[in-house]
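Written out below as structure tokens is the structure these notes cover.
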Number of protein chains: 2
Amino acid sequence: MSDTLNGNVPGSATYGVKALFFDVFGTLVDWRTGIAREAEALLKPRGYALDLLAFADAWRAEYDPAMDDVRSGRIPFARLDVLHRRMLDLILPRFGIRDLPEDVAHDLNLAWHRLDGWPDLTPAMTRLGRRFLMAPVSNGNIALLADLARRNSLRFDAILGAEIAGDYKPKPRVYLAAAEAFGLPASACMMVFAASHTSDAVGAAACGMRTASIARLDEFGLGKAASTPAVPVDIIAQDLNDLAAILEV
Amino acid sequence: MSDTLNGNVPGSATYGVKALFFDVFGTLVDWRTGIAREAEALLKPRGYALDLLAFADAWRAEYDPAMDDVRSGRIPFARLDVLHRRMLDLILPRFGIRDLPEDVAHDLNLAWHRLDGWPDLTPAMTRLGRRFLMAPVSNGNIALLADLARRNSLRFDAILGAEIAGDYKPKPRVYLAAAEAFGLPASACMMVFAASHTSDAVGAAACGMRTASIARLDEFGLGKAASTPAVPVDIIAQDLNDLAAILEV
């Protein structure tokens, strides 16, 4: 192995890949039960009774429309923390919450900074990091991703993604900016995402990256997600340990 | 301690600081003997005889003029790897080197990715990282800083600095973009730099950051650098372990 980005990583199983880029929400961390837990901790003591998983789903359901507003140029780029807050303010009234104090709403918005990884996350990422350069290429902002990395004991070589590109996935600029930041051609980068995340599979491949999918069956509720992608990818793995084995790390 | 950027770090000795930002060349790593070592390894076997430390000094002496070209807007922003190569091409003929093969020149340019830290670096940074968010705020590009971090076993929360700001220190935008990336006011950030680096001391303080200087007496040759800064700073430390002690980590 080389400790220099512009060095060579041996091993035919790596497809010449030098950097692994990771989608984060759903792929590395379990946003659904994490948001439900954080919402319960902040809202229940204040007397709000609500379906916590439905609340998590409703918040996340506003994600794509918010991204679309930026991707289409209807609104200027704003960090995901800012968009999450706008999304939160949209859904709170639907759950009968109209008088949440500002400090509580602010703290609730940061629930996305306090999500836990799927069980395989930390040991598998440590293993993969011995061979490959590692970075999140997520729509999350730098502060959010740095908090998730610290909470889950991940060592990334850099935080890449939407905030350094000034746009949101699956726009090509986000993938290409990540490869450029590491001084690598896209073909030396592999994007890793949950199997149901078709937009990452298509977006990364269109930029010339290698692609790897992970089965995250429980992202949307127990067993609800696809275990294999709907489009062709280079590697189909069961989880991150399986990916490490396939990449011969 | 908090693992969330927007949480609170206790302890009056921290001045309310939540993030430590580090200058890199001279402050964390010894560029002068590292560049001399790399130049020797690449040039000596090819029959070039030169004063290696003078070569390192000459290369670094082109740094400020190159930065100035970008800071003044005379040339568009380019990553430090690109500027280092232009600087290298300027100085090679001065040392009688006119026929260096392109692959060797390319590899020599990446010598800046292969520098070693001062002796206190790795243990002290690990110690500081238990309490504070940590990031380089350097004029180096992301790939360069990621390589230096990996080589020296540093765990940064993000790679900030010139490349995410699109300009070079000491322009205020570079310091302010770093604080914004962590979602922090400048007053919750402390810039750490070698005592002789007056431009960082002035630039960071002008943006409202806290400032800490480290004695790096040997940056420009044995004992040649100042041990204390020429302008007022918040903390004057002997090295990074001393800084950790002052910050009560």
Dipole check, chain A, charges on Cβ (K,R +1; D,E -1), about Cα centroid: among A:Gly183, A:Tyr15, A:Ala158 the Cα furthest to the positive pole belongs to A:Gly183
Mean separation of Cα pairs under 8 Å and 6+ residues apart, divided by the residue count of chain B: what relative contact order is that in percent? 23 percent
Starting from a label point 7 Å past Cα on the Cβ side, list the distances from A:Gly223 to the same position in the other copies, nm, shortest first. 7.6
Highest GNM mean-square fluctuation among A:Glu180, A:Glu102, A:Glu40, for chain A with Cα springs under 10 Å, belongs to A:Glu102
Dipole of the protein assembly as shown, positive direction: furthest Cα of A:Ile35, B:Leu90, B:Val24, with charges on the beta-carbon: B:Leu90
What are the nm distances, shortest first, from B:His106 to its equivalents in the other copies, labels at 7 Å along Cα→Cβ? 5.1
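Dipole size in debye (nearest 20) for the protein assembly as shown around its Cα centre, Lys and Arg Cβ +1, Asp and Glu Cβ -1? Please report the intermediate quantities before stating the final value.
Details: 52 positive and 62 negative charges, 21 e Å.
The dipole of the protein assembly as shown has a size of about 100 debye.
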How far, in nm to one decimal, is A:Ile75 from itself in the other copies if the label point is set 7 angstrom along Cα toward Cβ? Shortest first, please. 4.0
Is there a quick way to get the dipole size of the stretch A:31-113? I mean about its Cα centre, with the Cβ of Lys and Arg at +1 and of Asp and Glu at -1; what is the value in debye to the nearest 20? 100 debye
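Please report, in debye to the nearest 20, how large the charge dipole of the stretch A:123-182 is about its Cα centre when each Lys and Arg carries +1 at its beta carbon and each Asp and Glu carries -1 there.
With only Lys, Arg, Asp and Glu charged at Cβ, the dipole is about 300 debye.
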Between the stretch B:39-115 and the stretch A:139-167, how far is it from one alpha carbon centroid to the other, in angstrom? 32 Å
Give the average, rounded to an integer, of partner chain Cβ atoms located within 10 angstrom of each Cβ in B:142-152. 6
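If exposed means no more than 11 neighbouring beta carbons inside 10 Å and the site is in a DSSP loop, what's the longest run of chain A without any exposed trypsin sites (Lys or Arg not before Pro)?
Numbers: sites that count: A:Arg74, A:Arg98, A:Arg130, A:Lys224.
Segment A:131-223 is the longest.
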The long-range amide H neighbours of A:Thr27, using H built 1.01 Å from N in the peptide plane and a cut-off of under 5 Å, are A:Ala194
Taking the stretch A:103-240 and dividing mean pair separation by its residue count, relative contact order in percent (alpha carbons under 8 Å, at least six apart): 17 percent
In deg cm²/dmol, rounded to the nearest 500, the helical mean residue ellipticity at 222 nm of chain A, built from -39500 (n - 2.57) for every DSSP H run of length 4 or more, is -11500 deg cm²/dmol
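Taken together, the values in this text are just the output of simple stated rules run on the coordinates, not laboratory data. What you see is a predicted model; the values in this text were computed from it and never measured. So basically every Cβ, Gly included, is an ideal-geometry build from the backbone, and we count neighbours across all protein chains shown.
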